[in-house]
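The values are calculated or read from the model by the stated rules, or taken from the named source; none is laboratory data. The model shown is predicted, which means the values in this text are computed figures rather than measured ones. In this analysis, Cβ positions are derived from the backbone assuming ideal geometry, glycine residues included, and neighbour counts consider all displayed protein chains. Just so you know, the surface numbers come from the protein's heavy atoms only, side chains and all, with ligands and any DNA or RNA stripped out. Shrake-Rupley method; radii C 1.70, N 1.55, O 1.52, S 1.80 Å.
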Amino acid sequence: MRSKLTWMLPLLMLGACSELHDTASLPDPGLYGETFSKASRADVRTLIVVLNGDGLPGERADERQFAETASETIPESAAVALLRPGYADNEGHRSPGERGVDTGDNYTEERLSAISDAISAYRQRYPKANVIVVGDSGGAAIAANLAGVRPELIDGVVLVGCPCTLPEWRAYMERQAPDKPWEQPVASLDPLKTAGGISPTLRAAIIVGADDKVTPVQFSRSYAEALTLRGIATDYRILPGRGHAILNDPEVVAATGRLAASLPEGS
């Protein structure tokens, strides 16, 4: 048995080195991302890119936890916890770029370009996979905007606690948190306005807590209605008794799994 294991070990190491070499030869995503998967790269059929919410690591839901859970739950999947430009995680990893002041000011074309470049790089790592972007809070606004301005990149979106009608949400937050400069103009894109560019084949799940005080129901409901009117298959759910930090709620993981299963293979 010992000799057999000794004989197999170089082959296992060779396989691992080959995969690392193949990955190294692909484009650099540019942003920091941590990848979780139980499948080999060649077998991945669903790539889940998780975009963090606004705020510091301790203030927002744990995008890394969601990515890990999704990769363990959804068959033949890989999940990337991708840090938006300027954001850091609990372990000190940080993506380059400017974070801004978290007043809906960083959903800009520049940030969208950096994130879309990163998603393009990950698509090349998993060429057989459908791509689902899961966005939490501000990350949901970015995911929605990406679906509208770069529809060829994304097959599905899961929007969690989305400030999807941006001007109305910022006016609401100015009343809730007047200590921040909500009244200052921003260059961010409004998901409700970019929705016209979404591919009719996109699948969407939009989830909000019934007791969400940061992004109340009305800011995702209007967006869900806009998608439905355009014929976009939309799974819209209001979770009773839940607040804003619901990214890691089992209902969100389940919705992501249903969306993955609904996508045609090789789309």
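The label point for Asp117 and the one for Ala210, both projected 7 Å from the Cα toward the Cβ, are 4.5 nm apart. Cα centroid separation, the stretch 243-267 to the stretch 171-208: 21 Å.
Among the lysines of the chain, pairs at least eight places apart or on separate chains and with Cα atoms under 29 Å apart come to 5. Mind telling me which of Leu189, Leu56, Leu83 comes out most flexible in a GNM of the chain, alpha-carbon contacts under 10 Å? Answer for the Gaussian network model of the chain: Leu56. Glu109 contributes about 130 Å² of solvent-accessible surface, heavy atoms of the protein only, 1.4 Å probe.
For the stretch 153-202, the fraction of C-alpha pairs more than 12 angstrom apart is 71%.
With springs only between Cα atoms under 10 Å apart, run a GNM on the chain and tell me which of Gly58, Gly100, Gly156 wobbles the most. In this elastic network of the chain, the residue with the biggest mean-square fluctuation among Gly58, Gly100, Gly156 is Gly58.
Where only DSSP H runs of four or more residues are counted, the chain gives -12000 deg cm²/dmol as its mean residue ellipticity at 222 nm, each run worth -39500 (n - 2.57).
Length gained on full extension, Glu251 to Gln124: 42.7 nm, using 0.36 nm per residue less the C-alpha separation.
The stretch between Arg221 and Lys193, if pulled fully straight at 0.36 nm per residue, gains 8.6 nm over its current Cα-Cα span.
Seen through its C-alpha gyration tensor, with square-root eigenvalues sorted a ≥ b ≥ c, the stretch 27-173 comes out prolate because a/c lies at 1.5 or above while a/b is bigger than b/c. Charged side chains reduced to their Cβ positions (Lys and Arg at +1, Asp and Glu at -1) give the chain a dipole of some 640 debye around its Cα centre. The Rg/Rh ratio of the chain, with Rg taken over Cα atoms and Rh as the Kirkwood radius over Cα pairs, comes to 1.00.
Here each label is just a point 7 Å from Cα along the line to Cβ, and for Glu110 and Lys180 those points are 1.9 nm apart. For Gly209, the amide hydrogen comes within under 5 Å of the amide hydrogens of Gly161, Leu239, counting only partners 5 or more places away or on other chains and with H modelled in the peptide plane. Rounded to the nearest percent, how much of the accessible area of the stretch 109-198 (1.4 Å probe, protein heavy atoms only) is carbon and sulfur? The value for the stretch 109-198 is 49 percent carbon and sulfur by accessible area. Compared with the direct C-alpha span, the chain from Ala233 to Asn90 gains 47.9 nm at full extension, assuming 0.36 nm per residue.
For a modelled paramagnetic label at Ser262, 7 Å from Cα along Cα-to-Cβ, the residues of the stretch 225-251 in reach, with backbone nitrogen under 14 Å, are 225, 227-238.
Between Ala61, Ala171, Ala245, which gets the highest mean-square fluctuation from a Gaussian network model of the chain, Cα cutoff 10 Å? Its mean-square fluctuation being the largest, the pick is Ala171. Spacing of the modelled spin labels on Thr201 and Thr73, each 7 Å from Cα toward Cβ, amounts to 2.7 nm.
Residues in the stretch 210-215 carry Karplus couplings, in order, of 4, 9, 5, 9, 8, 10 Hz; the curve used is 6.51 cos²θ - 1.76 cosθ + 1.60 with θ = phi - 60°, and Gly or Pro positions show x. Ordering Ala141, Leu259, Phe66 by Cα displacement along the dipole of the chain toward the positive end leaves Leu259 in first place; charges were set at the Cβ atoms of Lys, Arg (+1) and Asp, Glu (-1).
Rounded to whole numbers, the Karplus 3J(HN,Hα) couplings from phi for the stretch 76-90 are 6, 10, 10, 10, 10, 7, 9, 7, 5, x, x, 9, 10, 10, 5 Hz, using 6.51 cos²θ - 1.76 cosθ + 1.60 with θ = phi - 60°, and x at Gly and Pro. Helix screen, the chain: DSSP H segments with Cα axial length of 27 Å or more and mean Kyte-Doolittle hydropathy at least -1.0 are 2-24.
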